[in-house]
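K.L.:
Dropping a structure here in structure tokens format, bear with me for questions.
The values are calculated or read from the model by the stated rules, or taken from the named source; none is laboratory data. Note that the structure is a prediction, hence the values are computed from the model and not measured. We place every Cβ from the backbone using ideal geometry, glycine too, and count neighbours over all the protein chains shown. Accessible surface is based on the protein model in full, side chains and every heavy atom, while ligands, DNA and RNA are left aside. Shrake-Rupley method; radii C 1.70, N 1.55, O 1.52, S 1.80 Å.
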Amino acid sequence: MKEVRYENFLISEAEFLIKAGYVTEIICDADSKTIKISEEELEAAAIDVKEKIKKMVDPVADSIIEFGKKAAEAFIDFANSVAEIIKPISEFVWNLSKSMANKKITKKRFMKLLQAEGIQRNEISKIVENNKEKYTYARLYNTIEEYYKKQQK
């Protein structure tokens, strides 16, 4: 028999145990202010409650797992679709950038673009003085990059 003090046991708990059919008898001892309940019945009640909770939780857990699997599959399909769409676009942009990098521009346009980047006219004159190379967008980018590196030092 399991003993529980009066202070730790509510009447509503006793009513629940009896109504649920888990316990057939509860012995109240007024002298020692304890309640005695059969341990076998309590263990059977605990096992039954665990089984009921498991029956309630298992379908929910299975549903959550299934939802996660479906969401992962949908995300993978979405990512693959996006990759298929982006691949030709990125190839086009890459090819365009390569062709644009080697595109010739005039000396005047080259100077104007350098000036648009904030480089002073005197500096631009030094850059283009005695030039033997072609004016291209790639050279423009490299020139601007080199100029700002020198400015930071």
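K.L.:
Which angle from 0 to 90°, rounded to the nearest 10, does the C-alpha axis of helix 107-116 make with the longest principal axis of the chain?
P.N.:
Around 40 degrees separate the two axes.
K.L.:
Please give the helix 11-20 orientation as an angle from the longest Cα principal axis of the chain, in degrees from 0 to 90, rounded to the nearest 10.
P.N.:
That works out to roughly 90 degrees.
K.L.:
Residue by residue, what Karplus-based ³J(HN,Hα) values in Hz, rounded to whole numbers, does segment 83-93 have, using 6.51, -1.76 and 1.60 with θ = phi - 60° and x for Gly and Pro?
P.N.:
Along segment 83-93, the couplings run 4, 5, 6, 6, 4, x, 5, 5, 5, 4, 5 Hz.
K.L.:
So for the pair Tyr147, Ala20, with labels modelled 7 Å out along Cα→Cβ, what separation do we get in nm?
P.N.:
The modelled label-to-label distance comes out at 8.2 nm.
K.L.:
Treating cross-link reach as a plain straight distance, find the lysines whose alpha-carbon is under 28 Å from the alpha-carbon of Lys103, omitting any fewer than eight places away in the same chain.
P.N.:
Lys87, Lys112, Lys126, Lys132, Lys134, Lys149, Lys150
K.L.:
Using only the alpha-carbon atoms, how far is helix 137-152 inclined from the longest principal axis of the chain? Give it as 0 to 90 degrees, nearest 10.
P.N.:
80
K.L.:
Compute the accessible area per residue over the chain, keeping the other protein chains in place, probe 1.4 Å, unit Å². Spell out each step's value before the answer.
P.N.:
On the way: 12480 Å² over 153 residues.
Result: 82 Å² of accessible area for each residue.
K.L.:
Using a 1.4 angstrom probe on the protein heavy atoms only, could you order Arg109, Arg139 from most to least accessible area? Spell out each step's value before the answer.
P.N.:
On the way: Arg109 115, Arg139 35 Å².
Accessible-area ranking of Arg109, Arg139, largest first: Arg109, Arg139.
K.L.:
Net charge near Asn122, counting Lys/Arg +1 and Asp/Glu -1 over other residues with Cβ under 15 Å of its Cβ? Walk me through the intermediate numbers first.
P.N.:
Numbers: positive: Arg121, Lys126, Lys150; negative: Glu117, Glu123, Glu129.
Around Asn122, the charge tally is 0.
K.L.:
In whole Hz, what ³J(HN,Hα) sequence does segment 35-43 give by Karplus (6.51, -1.76, 1.60; θ = phi - 60°), x for Gly and Pro?
P.N.:
So the J values, rounded to whole Hz, are 10, 10, 9, 4, 5, 4, 5, 5, 5.
K.L.:
Put Phe110, Phe67, Phe9 in order of accessible area, largest first, 1.4 Å probe: what do you get? Before the final figure, lay out the partial values.
P.N.:
Numbers: Phe110 0, Phe67 145, Phe9 30 Å².
Correct descending sequence by accessible area is Phe67, Phe9, Phe110.
K.L.:
Sticking with this one: If amide H atoms are built 1.01 Å from N in the plane of the peptide, which residues on other chains or at least 5 residues away come under 5 Å of the amide H of Thr136?
P.N.:
Under 5 Å from the amide H of Thr136: Ile105.
K.L.:
Please build a GNM for the chain, connecting alpha carbons under 10 Å apart, and tell me which residue among Val60, Val82, Val128 fluctuates the most.
P.N.:
Val128
K.L.:
What GluC sites (Glu not before Pro) in segment 107-153 are in a loop by DSSP, with at most 11 other Cβ atoms within 10 Å of the Cβ?
P.N.:
Glu129, Glu133
K.L.:
Another question about this same structure. Among Lys134, Lys153, what's the order by accessible area (1.4 angstrom probe), most exposed first? Could the numbers behind the result be given before it?
P.N.:
Details: Lys134 130, Lys153 205 Å².
Reading off the accessible areas and sorting them downward yields Lys153, Lys134.
K.L.:
For segment 56-142, just say rounded, prolate or oblate: build the C-alpha gyration tensor, square-root its eigenvalues into a ≥ b ≥ c, call rounded for a/c under 1.5, and beyond that prolate if a/b exceeds b/c, oblate if not. Walk me through the numbers on the way to the answer.
P.N.:
On the way: a/c = 7.78, a/b = 3.64, b/c = 2.14.
Prolate, since a/c reaches 1.5 and a/b exceeds b/c.
K.L.:
Please report, for the Cα atoms of segment 1-77, the Rg to one decimal and the Dmax as a whole number; what are they, in angstrom?
P.N.:
According to the Cα coordinates of segment 1-77, Rg and Dmax are 20.6, 72 Å.
K.L.:
With just the Cα atoms defining each centre, how far is segment 60-130 from segment 1-56? Give it in Å.
P.N.:
70
K.L.:
If R0 is 25 Å, what FRET efficiency do you get for Ser12 and Glu43 from their C-beta distance, rounded to 0.05?
P.N.:
Working: r = 22 Å, r/R0 = 0.86.
Efficiency computed from Cβ-Cβ geometry: 0.70.
K.L.:
Using each residue's phi in segment 117-128, evaluate 6.51 cos²θ - 1.76 cosθ + 1.60 at θ = phi - 60° and report the 3J(HN,Hα) Karplus result to the nearest Hz, with x for Gly and Pro.
P.N.:
Using θ = phi - 60°, the values come out as 7, x, 8, 5, 4, 4, 5, 4, 4, 5, 5, 8 Hz.
K.L.:
Then there's this: Where does the charge balance sit around Tyr147 when Lys and Arg score +1, Asp and Glu -1, over other residues with C-beta under 14 Å from its C-beta?
P.N.:
Details: positive: Arg121, Lys126, Arg139, Lys149, Lys150, Lys153; negative: Glu117, Glu123, Glu145, Glu146.
My count for the surroundings of Tyr147 gives +2.
K.L.:
Then there's this: Can you match mean projected area of the Cα convex hull in nm² to one of these, (1) 22.2; (2) 11.3; (3) 9.7, based on a calculation from the structure here?
P.N.:
Checking each listed value against the structure points to (1).
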